[in-house]
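Report on the structure given below.
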Amino acid sequence: MDITTMVFVLALGNLALCAALFFFEFGSARSPALSTWAIARQCQAAGWLLLYFRGTGVAPDLVSIPLGYTLLFTGVALEAGSLWEAAGRARWRRFIYPALGVAVAAFLACYFIDQLGLRVVASSLILGGFYMAGAVALALGWKGGSMLRRFMVVALAMLSLLVAARGILVLSMPGGWGWLSNSLVQALSSGAFVLLMLLTAFGYLLLAREQLQREIERMEVVDTLTDAPNRRGFFNLLAPWMALARRPGLPTAVVLLDLDQFKRINDSYGHPAGDAVVRAMVDTCKRQLRDSDILGRMAGVEFALLLPRTDLLDALLVAERIRRAIEAAPVKTERALVKMTASFGVTTIRPEDTTVSLFKRADEALRAAKAGGRNKVVQAVTPVAPEAWVTPAS
Ligand SMILES: Nc1nc2c(ncn2[C@@H]2O[C@H](COP(=O)(O)OP(=O)(O)OP(=O)(O)O)[C@@H](O)[C@H]2O)c(=O)[nH]1
């Protein structure tokens, strides 16, 4: 494939992707990273198209080449930016925009000094550099990342080097180096552009899908409002402690916590204020817990605490500490300072317990705390074993 056809393929490929992206996201709210990526692809499509038309008389070279490359640099820089955005570095503009400004100025200077040699050096190094910036953004998620992500990092880095290599070779050995002629390097670098177009397109979409899948899996076990484990997540984390309770050793305590008269908070200040109170309450609880303790949201404004290696007496002290902390820290919302209290039911896991019997006992204690006037800690009643029953003397 000759270079002109290659440039045409790149223009068409990017245009096709732009159209697919437009209809994929039509009418729905885009994520910032996806919006940036869509703009990046539009710039690249326009850039390659302008470069395809150079020398054809459609636009004078003096316009099509500087403008085409500027659009191309902008597209590749924004594509790197979208990868930084997706990696959670929202301040990428602070670095990418100045770098883009310097790159365009340097390219224009090189172009007007030497329309062939220096132009190739500058464009190859700039494009290679921006593609490498994208590879670095992806590499931020290397640890714990999927095989796809790691493959993308390695492939992007290698192709970026191949693109930059052309500039370096033209700069250091204008006549080529042995069998590595200039035309071979040019062909390799053009091939790298096509591979980069395909790889970034498919790779980016597959990575986005992978991230979505992870988010769905997380939502199955995590409550989105508080980021605490939800009912299912809490039961998953409780399971090993239930098994451990059948062995001799320190007990594990479970505390049920329910915010008092929460309906009135929603009714008086609105649901968003209620949400803020729930979040603040979780923060207050977490501050009173050890790292090994687990807080889960069971339903509505009812939470459970799992306190490993904690006996009943210590669990009662922890619950009392949390009760006081909640009472002493009114939550500041947009409309008012909201005072909050909570009621607690405390128990420990027994060897014969199932989750049903455990939670039934804790719930009975919680109900007793509510019935006793709320803002209280109540311990579960220990059932008397049948063999200890005493038959009254007749
Ligand atoms: N804002 C907000 N409200 C919630 C959320 N989850 C549950 N609620 C509300 O919390 C209230 C809980 O009510 P209940 O537990 O039945 O009763 P209560 O008003 O807290 O009174 P007691 O439990 O008897 O002290 C309901 O009005 C729910 O709509 C939430 O995530 N955000």
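Lysines near Lys376 by alpha-carbon distance under 20 Å, same-chain residues fewer than 8 away left out - which ones?
Of all the lysines, those that pass the test against Lys376 - Cα under 20 Å, at least 8 places apart if same chain - are Lys263, Lys286, Lys339, Lys360.
Relative to the longest principal axis of the C-alpha atoms of the chain, give the angle of the C-alpha long axis of helix 61-86, reported between 0 and 90° and rounded to the nearest 10°.
It is inclined by approximately 20 degrees.
Using Cα pairs under 8 angstrom and six or more residues apart, how large is the relative contact order of region 3-221, in percent? It would help to have the intermediate numbers written out before the result.
Numbers: 251 pairs, mean separation 38.4, N = 219.
That works out to 18 percent.
Among 206-219, 241-254, how do they line up from the highest to the lowest mean number of other beta-carbon atoms within 10 Å?
Numbers: 206-219: 12.4, 241-254: 15.4.
Final packing ranking: 241-254, 206-219.
What spacing in nm lies between the two simple spin-label points modelled at Asp61 and Glu210, each 7 Å away from Cα in the Cβ direction?
That separation, rounded to one decimal, is 4.4 nm.
Can you give me the angle between helix 182-221 and the longest principal axis of the chain, using Cα atoms only, in degrees from 0 to 90, rounded to the nearest 10?
The two axes meet at around 10 degrees.
What aspartates and glutamates does Lys370 reach when the alpha-carbon gap must be under 14 Å and sequence neighbours fewer than 8 apart in one chain are set aside?
Asp258, Asp260, Glu302
Working out 0.36 nm times the residue gap between Arg321 and Lys339, then minus their Cα-Cα distance, what length gain in nm do you get to one decimal? Mind dumping the intermediate values first?
Numbers: separation 18, 0.36 × 18 = 6.48 nm, distance 1.67 nm.
Gain on extension, Arg321 to Lys339, equals 4.8 nm.
On alpha carbon coordinates alone, what is the Rg over Rh value for region 231-381, Rh being the Kirkwood radius? Display every interim value, and only then the final one.
Working: Rg = 15.3 Å, Rh = 15.6 Å.
Expressed as Rg/Rh, it is 0.98.
In whole Hz, with x marking every Gly and Pro, tabulate ³J(HN,Hα) for region 291-304 from phi via Karplus 6.51 cos²θ - 1.76 cosθ + 1.60, θ = phi - 60°.
4, 7, 6, 10, 10, x, 9, 7, 5, x, 10, 9, 10, 10
Along each principal axis of its Cα atoms, how long is the chain end to end? Whole angstroms, biggest number first, please.
115, 49, 33
Over the Cα atoms of region 78-185, how large are the radius of gyration and the largest Cα-Cα distance (Dmax), in Å?
For region 78-185, the Cα radius of gyration and maximum Cα-Cα distance read 15.9, 47 Å.
Tilt of helix 271-288 relative to the longest C-alpha principal axis of the chain, in degrees (0 to 90, nearest 10)?
80
Taking the Cβ-Cβ separation of Leu161 and Val356 as r and a Förster radius of 35 Å, what is the calculated FRET efficiency to the nearest 0.05?
On the way: r = 61 Å, r/R0 = 1.74.
Efficiency for this residue pair is about 0.05.
Taking N as the number of residues in region 3-221, what is its alpha-carbon radius of gyration divided by 2.2 N^0.38 Å?
Numbers: Rg = 17.8 Å, N = 219, 2.2 N^0.38 = 17.1 Å.
The reported ratio for this selection is 1.04.
Using only the alpha-carbon atoms, what does region 132-196 span along each of its principal axes? Please give whole angstrom values in decreasing order.
Ordered largest first, region 132-196 gives principal extents of 45, 19, 16 Å.
Bins of 5 Å, beginning at zero and ending with the bin holding the largest distance: percent of Cα pairs per bin for region 73-113, please.
With 5 Å bins starting at 0, P(r) equals 6, 25, 26, 19, 11, 8, 4, 1.
Can you tell me the order of 142-150, 305-313 when each peptide is scored by its average per-residue count of other Cβ atoms within 10 angstrom, highest first? Before the final figure, lay out the partial values.
Numbers: 142-150: 12.1, 305-313: 18.2.
Descending mean neighbour count gives 305-313, 142-150.
Which aspartates and glutamates, on any chain, are close to Lys332 with Cα under 14 Å apart, when same-chain ones fewer than 8 places away are left out?
Correct list for Lys332: Asp275, Asp283.
Bear in mind these aren't lab numbers, they're just calculated from the coordinates by the rules spelled out. The model shown is predicted, which means the values in this text are computed figures rather than measured ones. Here Cβ is always computed from backbone atoms with ideal geometry, including for glycine, and neighbour counts include all displayed protein chains.
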